[in-house]
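Read through the structure below, which is laid out as structure tokens, and then see the notes.
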């Protein structure tokens, strides 16, 4: 259940999914860097970059509805930030700053969305590792990702148990306390689990370095 | 809270990235000095936990809305500032690489505003408060105040980065700062509530997870006096220093502009006549109203944190007798 939610489209089989991760990372970073450097006068070029990202997304079989939903969640936040500039002058100018921000952010967001929804995280990490990301950080990320799924399942079980024992609508204070207990107990369980995992890793010869099996 | 790409300029992203990389690198080094072999399981598990906990919606008590944990201060209190800082960097990376939440170029700025300020800065505030206020209430108050401050400080830092990114644009940085900090002082109240109640829950269930150096009981008796003097001092500081802090951002911006003048001239193909205006903040109206609003935000925030502390105090008192606590945790 958690897997579907976390990596919804990255496990596909399209052309974009089969590209090597390093090429995709470099391409995406190039598009983002170009998009954030373009001034407002070159808006057709920004539009072309956004179009390129959209073509990439459609080749990768990402449903338009999903892209729309993500944009609907993303754009209001960016608009709020962008509008802060005109707002600070009482809406008397600084509109070009706002326009630049919205344009650049949308291009960069579409490019990043293409990258993360065509590349499974393990492949992405292996690619980043080959591009020079520190190994410690990569091994930490792999560990986190591994136990993220475990903790999500644990959280889902605890929520089910809580719902099964709560028969009536609760007051805000009650449900606040309940949520606090839920998260607090998850925290305690997670730290206990970390202790057990540490012991297990030590007994299997853990020397502080993770070996990566990249392609 | 996550900054998307395109909001900050590339130079600012680079600078923030270098600062964040330095802080995270230092944290990893410190961790390797202290708990070398435990680093990976401890930090990784904490990051996974914060990620999962951010998905849980809390019904906010004050307003009919939902909030969620940000977690920097919580992580710093439970596993220490260094591990907390690394855990926050991991969480932010995963959110970026899994959901495209927060930009790739702005990753360093995000780590700086939320991870570094939240864990290292938050822990500094927390331990400062703990030094003067022992016992469980000091822990809870320290956690709540540090969370509130970390959110407001993160937003102030974002304002600074935003101002540095758009130095040539014509907007009024002081009032931008006022709007952002006012908004985030409300967000911070939610964070303070959540972190405070989580810490108070941990204190009742597993007090060993929150490290509690013992203090003599005489200090505990003076808590209420300290509480009131401390609150008044905080209110005064918030009310009178906050407007100057907003002006300070202006001053910093002007200084930074002077500093970067020479180095950026070569790199930037953009037209340069903007440089003829030496102090962009001063030429616009720096009216009284936004100073007043910053003051108000400061006062409101401080009162809210005080309210939370009193509330938590009541909550803890019903769960945990102070004397019993002192008996088990040395005094």
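Across the range A:149-200, what is the number of residues that are within 7 Å of another protein chain (Cβ to nearest Cβ) and either out of contact with any strand residue (DSSP E or B) (no Cβ under 8 Å at 6 or more places or on another chain) or within 17 Å of residue B:52 (Cβ to Cβ) (or both)? Can you show your working first?
Restricting attention to the range A:149-200, the residues satisfying the condition of being within 7 Å of another protein chain (Cβ to nearest Cβ) are A:151-152, A:155, A:172-173, A:175-176, A:179-184, A:186-188, A:190-191, A:193-194, A:197-198.
From what is left, the residues that are either out of contact with any strand residue (DSSP E or B) (no Cβ under 8 Å at 6 or more places or on another chain) or within 17 Å of residue B:52 (Cβ to Cβ) (or both) are A:151-152, A:155, A:173, A:179-184, A:186-188, A:190-191, A:193-194, A:197-198.
Count: 19.
If you take the residues of the range A:6-38 that are more than 14 Å from every other protein chain (Cβ to nearest Cβ) and outside any helix (DSSP H, G or I), which of them is surrounded by the fewest Cβ atoms within 10 Å (Cβ to Cβ)? Give the steps one after another, and end with the answer.
Looking only at the range A:6-38, we keep the residues that are more than 14 Å from every other protein chain (Cβ to nearest Cβ), and these are A:12-20, A:22-23.
Retained after the next criterion (residues that are outside any helix (DSSP H, G or I)): A:12-14, A:19-20.
Working: A:12: 16, A:13: 8, A:14: 14, A:19: 14, A:20: 13.
Only one residue fits best here, namely A:13.
Which one is farthest from residue B:28 (Cα to Cα), of the residues in the range A:121-137 that are in contact (Cβ under 8 Å) with a residue 40 or more places away in the chain and more than 10 Å from every other protein chain (Cβ to nearest Cβ)? Let's see the steps before the verdict.
Here is the first cut: in the range A:121-137, the ones in contact (Cβ under 8 Å) with a residue 40 or more places away in the chain are A:121, A:123-124, A:126-131, A:135.
From what's left, more than 10 Å from every other protein chain (Cβ to nearest Cβ): A:123, A:126-127, A:129-131, A:135.
On the way: A:123: 24, A:126: 21, A:127: 22, A:129: 17, A:130: 21, A:131: 20, A:135: 12 Å.
Checking each candidate, the answer is A:123.
One residue alone among A:193, A:157 is under 26 Å from the mean Cα position of the chain (by Cα) and loosely packed, with under 15 Cβ neighbours inside 10 Å, and that residue is A:157. Checking B:119, B:155, B:134, B:127 one by one, the residue that is within 13 Å of chain A (Cβ to nearest Cβ) and either at pLDDT below 90 or within 30 Å of residue A:124 (Cα to Cα) (or both) is B:155 and no other.
Hey, does the range A:82-93 have a residue that's within 30 Å of residue A:41 (Cβ to Cβ), within 18 Å of the chain's Cα centre (by Cα), buried (at least 16 other Cβ atoms within 10 Å of the Cβ) and in the same structural domain as residue A:59 (by TED's automatic domain parsing)?
Here is the first cut: in the range A:82-93, the residues within 30 Å of residue A:41 (Cβ to Cβ) are A:82-93.
Filter once more, keeping what is within 18 Å of the chain's Cα centre (by Cα): none.
Within the range A:82-93, none of the residues are within 30 Å of residue A:41 (Cβ to Cβ), within 18 Å of the chain's Cα centre (by Cα), buried (at least 16 other Cβ atoms within 10 Å of the Cβ) and in the same structural domain as residue A:59 (by TED's automatic domain parsing).
Per-residue answers, yes or no, for (1) assigned to a helix (DSSP H, G or I); (2) within 30 Å of residue B:45 (Cβ to Cβ); (3) within 7 Å of chain B (Cβ to nearest Cβ); (4) at pLDDT 90 or above:
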| position | (1), (2), (3), (4) |
| --- | --- |
| A:55 | yes, no, no, no |
| A:89 | no, no, yes, no |
| A:100 | yes, no, no, no |
| A:109 | yes, no, yes, yes |
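Taken over the range B:40-67, the criterion of being at the interface with chain A (Cβ under 10 Å from one of its Cβ atoms) and in contact (Cβ under 8 Å) with a residue 60 or more places away in the chain is satisfied by B:58, B:60, B:61, B:62.
The values are calculated or read from the model by the stated rules, or taken from the named source; none is laboratory data. What you are looking at is a predicted structure, and each value in this text was computed from that prediction instead of being measured. With ideal geometry, Cβ positions are generated from the backbone for all residues, glycine too; neighbour counts draw on all protein chains shown.
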